[in-house]
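Read the structure below first, then the notes.
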């Protein structure tokens, strides 16, 4: 667990304090860290036009957050990444301290907070990336509605929870990574059905992780139960993928090392990071493209409600989304930032059909998957 310190400032501090009082900032009143990030990305500050509307929260939230003084956040960022991500928030709201806990696993990010909530305890105020556990959180009303946040309406259409219990933290596109010393772009399947006929992927050449909710759940939602049952039968019996029990980061690692020719599922921004380090990898997505927004939610009844709303809304703003992109390369969920500057492998995403998951099908889909995985 780390604590993000309040930053000391002089003249800049007066500007930030003025913005805290007003609860809004124009694109001309950017935090020092955000200005630095935009310069690093070689982006114009005009990209932040509309930031004042993004941050236009009620004054009582700011006053309440300053009185509470602290907000606890759990996520999958490393401590180093979170320092980069949170720097603009610390500058904009210097009286609110962020206590961050790194949750590398779903147990840490989702299961533990859920169990604690059932016992009327709180491990965090804001949680992220809780995946399929969203259904369980919703079932016991463990999440506060976030529809009242200005940032809720800023996200890509359809990316947020339809019931308003969570917002899209970042966009994830989980598809196929391939080792360029063994496969070429021309070897890649154009559609998911083509994957079943692709001989280059057969007999263990394709390594798969036990995370069907990252790609198959979207296909199930779009194509239905019967299609999915037939697909899985041929996928496991004809393609015969190599089952890997590693986490998704480790799965990408074995792809880079050449232990498998291709891997599924891997996220485009992770592959891009390795490619930029000159690793022999590239990313491809059959159509339709599975879209998996990562969740951002507020624990219902948490002891720091105003600070939790303030940080969550900031995270959904243009400023928060750019800071996150700088920290870990995640494609932003803000609809004003859906540009090629923020989308690795944009040619595999932009202009193509996207499909999203309906979490109500997760248990049924997973039961089908486990029959073959086990």
Give the residues of the range 249-268 that are in contact (Cβ under 8 Å) with a residue 60 or more places away in the chain and surrounded by 14 or more Cβ atoms within 10 Å (Cβ to Cβ), sorted by residue number. 252, 255, 256, 260, 261, 262, 263, 264, 265, 266, 267, 268
Could you tell me whether the range 87-96 includes any residue that is at negative phi and free of Cβ contacts under 8 Å to residues at least 60 places away in the same chain? no
Do we have residue 103 as touching a strand residue (DSSP E or B) at 6+ places or on another chain (Cβ under 7 Å), closer than 30 Å to residue 210 by Cα, surrounded by 15 or more Cβ atoms within 10 Å (Cβ to Cβ) and at pLDDT below 95 here? yes
Any residue in the range 70-82 that is touching a strand residue (DSSP E or B) at 6+ places or on another chain (Cβ under 7 Å) and part of a helix (DSSP H, G or I)? yes
Which residue, of 316, 337, 354, is in the same structural domain as residue 40 (by TED's automatic domain parsing), at negative phi and surrounded by fewer than 24 Cβ atoms within 10 Å (Cβ to Cβ)? 337
Name the single residue, out of those in the range 326-342 being out of contact with any strand residue (DSSP E or B) (no Cβ under 7 Å at 6 or more places or on another chain) and touching a residue at least 24 places away in the same chain (Cβ under 8 Å), that is farthest from residue 69 (Cα to Cα). 341
For the range 177-211, enumerate the residues that are within 20 Å of residue 361 (Cβ to Cβ) and at pLDDT 95 or above. 192, 193, 208, 209, 210
Flag if residue 88 is within 27 Å of residue 343 (Cβ to Cβ) and either in a strand (DSSP E or B) or not assigned by TED's automatic domain parsing to the domain that holds residue 268 (or both): yes
Assess whether residue 366 counts as being under 22 Å from residue 218 (Cβ atoms), out of contact with any helix residue (DSSP H, G or I) (no Cβ under 6 Å at 6 or more places or on another chain), buried (at least 19 other Cβ atoms within 10 Å of the Cβ) and touching a residue at least 12 places away in the same chain (Cβ under 8 Å). no
Filtered residues of the range 91-100 (kept if in contact with a strand residue (DSSP E or B) (Cβ under 7 Å, 6 or more places away or on another chain) and either outside any strand (DSSP E or B) or crowded, with 20+ Cβ neighbours inside 10 Å (or both)): 96, 98, 100
Where in the range 236-354 are there strands (runs of 3 or more DSSP E), lying wholly inside it, with at least 3 residues that are within 18 Å of the chain's Cα centre (by Cα)? 262-267, 289-291, 294-298
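The values are calculated or read from the model by the stated rules, or taken from the named source; none is laboratory data. The shown structure was predicted, so the numbers you read here are calculated from the model rather than taken from an experiment. Don't worry about glycine lacking a Cβ; one is built from the backbone with ideal geometry, like all the others, and counts go over all protein chains shown.
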